[in-house]
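Participant: Below you'll find the structure I mean.
The values are calculated or read from the model by the stated rules, or taken from the named source; none is laboratory data. It should be emphasised that the depicted structure is a prediction, and the values quoted were computed from it without experimental measurement. Glycine gets a Cβ as well: all are built from the backbone with ideal geometry, and neighbour counts include every protein chain shown. Quick note on the areas: whole protein, heavy atoms, side chains included, nothing else; ligands and nucleic acids left out. Shrake-Rupley method; radii C 1.70, N 1.55, O 1.52, S 1.80 Å.
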Amino acid sequence: LPISPVNVTYRIEAELDPETRGIKGREEIRWRNATGEPAAALPMHLYLNGFANQGTTWMRESAPRRPGESELLKRNPDPWGYMEPTAITQRVEGVERDASWRPIQPDDGNPLDRSLGEITLAAPVAPGEEVVLTITFEGRLPEPMARTGGGRGYFLVGQWYPKIGVIEPPGVRHAPAARRAARQFHGPTEFYADFADYDVTFATPPGFLVGATGRAQGDPAPRPDGKVAVRYAQRAVIDFALVASNGLVDRWQK
C-alpha cells in the first residue's frame, strides 16, 4: 500500500568502536514545518544522556526497577553513556550557517539531565517550508540498561542519535495551537516521535554482523580504514535501531 509522506527525513552515517562503546557520526535532518507558525527553534532528543550519571531524570525515576548502583559498578567501574552534538549547521539559501543548541529541563529543572535540548536555528523556518540541518555527533553506549547498551562483543543500539522532538500542529491531541510535545527522558516513558524516513549507513570492525530497521541496501562494503559499512533504508517509521555483534550468525545467508 502507498505510504503517506512524512515531515522528517534522516540520512545518517555513523560508526561503532566496540572497545570503548563509542559512536560517532554525522546526520542530515530535513524537517518540514507543518505547525502553521514560524519556527525559530526545534526540540532535540539526546536519549543516551539519560544514562550519563546517577542523577539524570531517568536514573532517578527508574531506580526501583533497575539494578542498584553497587551492582552496576561491580560489572563496570564506568558504565555510563552519553550523546553530544559537536556541531550543528543549517542550510540557508545554499550556504551552511552555524546553529546553536543548549540542554533544557522543562519538566523538572534537573541540572544533571541533558536528555532534551533546544536548537536555535540560524534562520526561522516559515510554515510549510523545510529546514535542513547537519549535525555532527559523538557519544557512547552505556552498559546494557534499558533497551540500549553494549559490551563484550554485543551492542543493542537504540535511541542513539540526535533526534528532532515533536511539535504538534493545531488539532493534534486537541491542541488549540502549535505546541511542543518533546519531554526529557523519564523512567516510566515511551518515545513519542514523528514518523520519518531513514537512510542509515553504519560501520563496524570486520567480523561484526549488523541487523537494523528497514531493508539492507546492497552488500556490506569494506572501507579504506578497515571497517565495514552496511546501509539500511526504511520509510515512515518512528525510530531506527540496530544490533551489532561479532557473535551473531545470519541463518539466511547462503
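Participant: Please specify each residue of segment 204-228 satisfying the condition of being under 20 Å from the mean Cα position of the chain (by Cα) and either within 17 Å of R21 (Cα to Cα) or open to solvent by 70 Å² or more (accessible area, probe 1.4 Å) (or both).
Facilitator: Matches in segment 204-228: T204, V210, R215.
Participant: Hey, among D98, D107, which residue is of a type in the set (D, E), modelled with pLDDT of 95 or more and more than 30 Å from R60 (Cβ to Cβ)?
Facilitator: D98
Residue-by-condition table, conditions (1) in contact (Cβ under 8 Å) with a residue 12 or more places away in the chain; (2) closer than 28 Å to L242 by Cα:
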{"residue": "R102", "(1), (2)": "yes, yes"}
{"residue": "G109", "(1), (2)": "no, no"}
{"residue": "R114", "(1), (2)": "yes, yes"}
{"residue": "T120", "(1), (2)": "yes, no"}
{"residue": "A123", "(1), (2)": "yes, no"}
{"residue": "G128", "(1), (2)": "yes, no"}
{"residue": "G149", "(1), (2)": "yes, yes"}
{"residue": "Y154", "(1), (2)": "yes, yes"}
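Participant: Identify all residues within segment 187-202 that are over 16 Å from the mean Cα position of the chain (by Cα) and either small (G, A, S) or at pLDDT 95 or above (or both); write none if there are none.
Facilitator: Correct list: G187 only.
Participant: Also, quick follow-up: Filter the strands (runs of 3 or more DSSP E) completely within segment 155-254 down to those with at least 2 residues that are within 30 Å of G128 (Cα to Cα).
Facilitator: Answer list for segment 155-254: 196-204, 228-237.
Participant: Is one or more of the residues making up segment 123-132 at positive phi and touching a helix residue (DSSP H, G or I) at 6+ places or on another chain (Cβ under 7 Å)?
Facilitator: no
Participant: G36 - would you say it is small (G, A, S), on the phi > 0 side of the Ramachandran plot and open to solvent by 10 Å² or more (accessible area, probe 1.4 Å)?
Facilitator: Considered against the rule, which asks whether it is small (G, A, S), on the phi > 0 side of the Ramachandran plot and open to solvent by 10 Å² or more (accessible area, probe 1.4 Å), G36 comes out as yes.
Participant: Follow-up. Does A182 satisfy being surrounded by 15 or more Cβ atoms within 10 Å (Cβ to Cβ) and farther than 30 Å from R60 by Cα?
Facilitator: No.
Participant: Which of the residues spanning segment 132-169 are hydrophobic (A, V, I, L, M, F, W, C) and at pLDDT 95 or above?
Facilitator: V132, L133, I135, F137, L141, F155, L156, V157, W160, I164, V166, I167
Participant: Looking at (1) under 28 Å from N33 (Cα atoms); (2) part of a strand (DSSP E or B); (3) open to solvent by less than 50 Å² (accessible area, probe 1.4 Å); (4) out of contact with any Asp or Glu (no Cβ under 8 Å at 6 or more places or on another chain), which one does A122 not meet, given that it meets all the others?
Facilitator: With (1) under 28 Å from N33 (Cα atoms); (2) part of a strand (DSSP E or B); (3) open to solvent by less than 50 Å² (accessible area, probe 1.4 Å); (4) out of contact with any Asp or Glu (no Cβ under 8 Å at 6 or more places or on another chain) applied to A122, the lone miss is (4).
Participant: For the subset of segment 130-154 comprising residues that are assigned to a strand (DSSP E or B) and among the polar types (S, T, N, Q), which member is nearest to D197 (Cα to Cα)?
Facilitator: T134
Participant: Take N49 and tell me if it is polar (S, T, N, Q) and open to solvent by less than 40 Å² (accessible area, probe 1.4 Å).
Facilitator: Here the answer is yes, as N49 does meet what is asked.
Participant: Looking only at segment 78-113, which residues are assigned to a loop (DSSP other than H, G, I, E, B) and loosely packed, with under 14 Cβ neighbours inside 10 Å?
Facilitator: D78, E93, G94, P106, D108, G109, P111
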